[in-house]
Amino acid sequence: MVFSEGPRIAVIDYGTKRNILRSLSDLGCEVVVLPYSFSAEEVLGFRPDGIVLSPGPGNPELLEKGVETVRGLIDKVPVMGVCLGQHLLALAVGAKTYKLKFGHRGGNHPVKDLETGKVYITSQNHGFAADPDSLKGTGLEVSQINLNDSTVEAVHHRSFPAMSLQYHPEACPGPLDNHNSFKKFVEVVKSTGGKQS
């Protein structure tokens, strides 16, 4: 737990990376790491201003409790998913995931931002992806795609301050293209209410 005067961010730990915590702390956030087994009510008991769903291993469709927890959070406070966190967010709103024939591994995957047209070089390490066809009607909208195979790389919700990334913005494999992803999330958190008491 890191104490700060900034917004309180609860990181649900499915296998979090230290640099996620460092990145949020460097932005002035109070970071609270919570176990993956917590219910939505237990998470909200810490009065977070925002929630980060961490990366982690395994088949996301087997994490039914995690999906239920995310479902209970997305309309309460801003949520950001990273890698596995993106899968849990997608499943929580009724979308599906699937196993890639070949996983995405390495620090040189090109990802295109559909809003700006910019291409980022990303670090990736996953074997599952969100099914783009299943996103229809869920409120989630694709915001970035992988230029190698057109898989979903980022989504955002049309009605709630919920967003996620398939890749690892904390990895910094050389380029720092994606390091501002946490900054954007913290700005969203601040714009939606500020510090909990």
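The values are calculated or read from the model by the stated rules, or taken from the named source; none is laboratory data. Not measured: the values here are computed from a predicted model. Because the Cβ atoms are built from the backbone with ideal geometry, glycine has one as well, and the counts that use them run over all protein chains shown.
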With the first residue restricted to the stretch 147-167 and required to be on the phi < 0 side of the Ramachandran plot, and the second required to be of a type in the set (D, E, K, R) and assigned to a loop (DSSP other than H, G, I, E, B), Cβ contacts under 7 Å at 6 or more apart or on different chains are Phe160/Asp75
Residue set His104, His87; condition at pLDDT below 95, of a type outside the set (A, V, I, L, M, F, W, C) and buried (at least 16 other Cβ atoms within 10 Å of the Cβ); output residue His104
Considering residues that are small (Gly, Ala, Ser) and either touching a Lys or Arg at 6+ places or on another chain (Cβ under 6 Å) or over 21 Å from Pro169 (Cβ atoms) (or both), the number found within the stretch 88-107 is 3
Flagged in the stretch 52-65 as of a type in the set (Gly, Ala, Ser) and within 19 Å of His156 (Cα to Cα), in numbering order, are Ser54
Test result for Asn125, in contact with a strand residue (DSSP E or B) (Cβ under 9 Å, 6 or more places away or on another chain), surrounded by fewer than 21 Cβ atoms within 10 Å (Cβ to Cβ), closer than 22 Å to Asn59 by Cα and modelled with pLDDT under 95: yes
The condition of being polar (S, T, N, Q) and either under 21 Å from Phe160 (Cα atoms) or free of Cβ contacts under 8 Å to residues at least 24 places away in the same chain (or both) holds, among Ser25, Ser37, only for Ser25
Exactly one of Gly139, Gly81, Gly94 is buried (at least 22 other Cβ atoms within 10 Å of the Cβ), within 17 Å of the chain's Cα centre (by Cα) and in contact (Cβ under 8 Å) with a residue 40 or more places away in the chain, and that residue is Gly81
Counting only residues that are in contact with a Cys (Cβ under 9 Å, 6 or more places away or on another chain) and either modelled with pLDDT under 75 or assigned to a loop (DSSP other than H, G, I, E, B) (or both), the stretch 161-177 contains a total of 3
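Quick grid of which residues meet (1) modelled with pLDDT of 95 or more; (2) farther than 11 Å from Thr69 by Cβ; (3) within 14 Å of the chain's Cα centre (by Cα):
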| residue | (1), (2), (3) |
| --- | --- |
| Tyr14 | yes, no, yes |
| Arg18 | no, yes, no |
| Glu30 | yes, yes, no |
| Ser54 | yes, yes, yes |
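Residue-by-condition table, conditions (1) among the charged types (D, E, K, R); (2) surrounded by fewer than 14 Cβ atoms within 10 Å (Cβ to Cβ):
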| position | (1), (2) |
| --- | --- |
| His109 | no, no |
| Ser134 | no, no |
| Ser150 | no, yes |
| Glu153 | yes, no |
Being out of contact with any helix residue (DSSP H, G or I) (no Cβ under 8 Å at 6 or more places or on another chain), in a strand (DSSP E or B), of a type outside the set (Asp, Glu) and within 18 Å of Ala171 (Cα to Cα), is that true of even one residue in the stretch 125-134? yes
